[in-house]
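Encoded as structure tokens, the structure appears first; notes follow it.
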Amino acid sequence: MNLYFMRHGIAVDRADSGAGSDDRERQLTSKGIKRMNKAAKGLVTLSLTFERILTSPLERARQPAKIVAQILQLEDRVEEIEQLSPEQPAQDLLSGLVAYSGKKEILLVGHEPQLSSTISVLLSGTSGAVIRLKKGGLCCLQVDGLPPRESAVLHWALTPKQLRLMAR
């Protein structure tokens with residue numbers, strides 16, 4: 001099974017969001033939307049497809065999930081899961097993913113530091129490995145199943161700029 005981890009794109013600052021204290025409603029900036037569109041086109045170049053696109057319920061993660069789904073023509077495969085909320089620990093996310101153990105290709109769209117922590121747990125068994133996904137970045141891990149019995153294998157990691165360049 002391949003798990004793809006994508007961090008949401010550039011979002012409006014909290015102070016400028018107009019959403020008041022509701023961080024859940026902050027959206028991508030126009031630059032963030034433009035860059036995510038181009039990054040999603042980079043996924044086409046990679047010939048990636050996903051059986052499920054799982055997203056955080058926060059707007060700034062739902063937007064890129066929908067962009068990717070639209071570009072890849074997978075709109076019916078997008079699903080929000082609470083375990084991708086930024087305050088959720090890696091172990092809770094991994095427990096929530098067990099429901100998708102029959103899938104082979106899953107994209108997870110979420111937040112830092114949760115995504116990096118989850119990647120670290122899958123690779124090393126602890127959240128201590130230092131991994132950072134840039135906004136709009138993507139990495140691919142191969143796991144032997146959910147829950148995993150062995151350490152994951154990192155197949156690749158791409159910066160947002162690399163994804164955008166692939167779209168050309």
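The values are calculated or read from the model by the stated rules, or taken from the named source; none is laboratory data. Predicted model, so just to flag it, every value in this text is computed and none were measured. Positions of Cβ are generated from backbone atoms using ideal geometry, with glycine treated the same way; all protein chains shown enter the neighbour counts. Remember, those area values only see protein heavy atoms, side chains included, never the ligands or the DNA or RNA. Shrake-Rupley method; radii C 1.70, N 1.55, O 1.52, S 1.80 Å.
Pairs are defined by a Cβ separation below 9 Å, a sequence spacing of at least 6 or placement on different chains, a first member in segment 8-34 that is more than 24 Å from G137 (Cα to Cα), and a second member that is at pLDDT below 90 and not basic (K, R); the pairs so defined are G18/E25; A19/E25. Applying the criterion of being among the polar types (S, T, N, Q) and touching a residue at least 60 places away in the same chain (Cβ under 8 Å) to the residues of segment 138-168, the residue that is farthest from Q63 (Cα to Cα) is Q142. Of the residues making up segment 134-168, those that are under 22 Å from T45 (Cβ atoms) and either within 16 Å of the chain's Cα centre (by Cα) or not in a loop (DSSP other than H, G, I, E, B) (or both) number 22. A residue that is surrounded by fewer than 14 Cβ atoms within 10 Å (Cβ to Cβ) and within 21 Å of Q83 (Cβ to Cβ) occurs somewhere in segment 116-124. List the pairs whose first member sits in segment 70-83 and is within 19 Å of Q114 (Cβ to Cβ) and assigned to a helix (DSSP H, G or I), whose second member is open to solvent by less than 50 Å² (accessible area, probe 1.4 Å) and at pLDDT 95 or above, and whose Cβ atoms are under 7 Å apart, counting only residues at least 6 apart or on separate chains? If the second residue must be open to solvent by less than 50 Å² (accessible area, probe 1.4 Å) and at pLDDT 95 or above, the pairs left are E82/P57; Q83/L93; Q83/G96. Taking the criterion of being open to solvent by 10 Å² or more (accessible area, probe 1.4 Å) and in a loop (DSSP other than H, G, I, E, B), the residues of segment 84-108 that qualify are P86, E87, Q88, P89, S101, G102, K103, K104. Inspection of segment 48-60 identifies at least one residue that is of a type in the set (D, E), at pLDDT 95 or above and over 21 Å from K134 (Cα atoms). Of all residue pairs spaced 6 or more apart or on separate chains, those with beta-carbon atoms under 7 Å, a first member in segment 108-137 that is more than 15 Å from R7 (Cβ to Cβ) and a second member that is open to solvent by 60 Å² or more (accessible area, probe 1.4 Å) are V121/S127; L123/S151; L123/L154; S124/S151; G125/S151. Considering segment 79-112 alone, what residues qualify as being closer than 15 Å to R60 by Cα and not acidic (D, E)? Residues satisfying the conditions are I81, L84, S85, P86, L108, V109, G110, H111.
The sole residue among A15, A40, A11 that is in contact with a strand residue (DSSP E or B) (Cβ under 6 Å, 6 or more places away or on another chain) and either modelled with pLDDT under 95 or of a type outside the set (S, T, N, Q) (or both) is A11.
Within segment 84-107, the only residue that satisfies the criterion of being of a type in the set (S, T, N, Q), within 23 Å of W156 (Cα to Cα) and touching a residue at least 40 places away in the same chain (Cβ under 8 Å) is S101.
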